[in-house]
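I have placed the structure first, in the form of structure tokens, so that the comments after it can refer back to it.
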Amino acid sequence: MSALFNGLQEFLGTSLAFFYDLIPSFGLAIIMLTLAINLVLFPLTLKQTRSTRAFQTIQPEIKRIQKEFKEEPETMQRELMRVQREAGATPGGCLLPLIVQMPIWFALFRLLQNVANIANGVEGVVPKIPAESALLATIEAGNTHFLGLALGNTMSQGVLSGFVSSLPYVFMMVLMVASQYFQQWHAQRGQGGKAGLTQQQQKQQQTQQAITRIMPLFIGFISWNFPAGLVLYWSTSNLFRLGQQFVIFAIDGRPQAPASEEPPPPSDNGQPKKPHPVSEKKRRRRRK
């Protein structure tokens with residue numbers, strides 16, 4: 001396992017050296033590597049988004065099956081698998097992009113720590129950047145700066161380095177937090193109405209909104225000890241995923257609010273009221 005992880009670090013180091021040869025800037029090399037990784041993962045991200053949306057769509061049907069076959073667990077499991085398969089709601093589709101990205105994130109974290117040690121002249125460090133590459137020579141010379149950031153140093157080192165020199169680090173942290181918050185807000189926009197939702201659905205919605213507010217702040221807090229290059233990678237990923245989100249919504253439409261489990265109120269003749277087609281079209285148009 002350790003050999004695979006080291007191999008991933010060396011692959012990322014080789015990729016950084018390749019992009020540095022194209023444009024001799026360490027910061028732009030990190031940005032181009034970020035874009036390349038996210039482009040490769042786009043099909044998985046699209047699958048994840050569609051699987052998550054499918055799970056949300058079939059929740060009322062899942063609850064019906066669980067209630068109807070609660071005394072027959074084997075039948076319940078078979079029916080649940082059937083409904084998920086027909087809807088394209090595969091659990092692997094939701095988790096696979098995250099599983100793929102986490103090793104890349106940790107490997108890049110270790111790679112940038114390696115870069116910082118080389119730039120600071122720490123003895124006994126084995127470079128993960130290819131030997132005799134232009135990038136390694138630049139790092140050994142201590143030239144890891146980009147837009148006022150020493151990309152090998154941690155954010156705490158940059159922020160505590162003085163008022164003027166700390167400004168690029170503060171801006172990068174704000175950009176990372178704000179871009180992640182805006183991305184999550186954009187994903188949930190138009191789904192905040194509580195009309196027609198059950199009490200359980202309202203609680204789930206409140207929990208999701210709380211996570212949306214807290215998670216970007218938590219990421220900003222733990223980034224205090226991240227290498228600045230990793231924060232640049234994360235901020236670039238957030239901005240890419242935001243644009244990617246616009247593309248996915250253009251392809252599949254904006255996700256609908258969770259369907260109510262309660263039946264619509266009856267009309268005067270005792271039959272459930274149906275939504276007016278024109279009103280329904282206007283509602284979908286506003287949501288987009």
**Asked** Quick one: would you say ILE23 is touching a helix residue (DSSP H, G or I) at 6+ places or on another chain (Cβ under 8 Å), closer than 24 Å to VAL126 by Cα and β-branched (Val, Ile, Thr)?
**Response** no
**Request:** Would you point out the residue of the stretch 125-165, among those that are under 27 Å from the mean Cα position of the chain (by Cα) and of a type in the set (Ser, Thr, Tyr), that is nearest to ASP21 (Cα to Cα)?
**Result:** THR144
**Prompt:** Filter the stretch 170-203 for residues that are surrounded by 14 or more Cβ atoms within 10 Å (Cβ to Cβ) and of a type in the set (S, T, N, Q); which is modelled with the highest pLDDT?
**Reply:** SER179
**Message:** Give all pairs with beta carbons closer than 6 Å in which a residue from the stretch 223-245 that is part of a helix (DSSP H, G or I) and at pLDDT below 90 meets a residue that is hydrophobic (A, V, I, L, M, F, W, C) and surrounded by fewer than 21 Cβ atoms within 10 Å (Cβ to Cβ); count only pairs at least 6 apart in sequence or on separate chains.
**Reply:** LEU230/PHE109
**Message:** Looking only at helices (runs of 4 or more DSSP H) that lie completely in the stretch 90-182, which have at least 3 residues being of a type in the set (A, V, I, L, M) and either within 23 Å of ALA36 (Cβ to Cβ) or in contact with a helix residue (DSSP H, G or I) (Cβ under 8 Å, 6 or more places away or on another chain) (or both)?
**Reply:** 91-119, 134-140
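The values are calculated or read from the model by the stated rules, or taken from the named source; none is laboratory data. None of the values given here were measured: they were computed from a predicted structure. In this analysis, Cβ positions are derived from the backbone assuming ideal geometry, glycine residues included, and neighbour counts consider all displayed protein chains.
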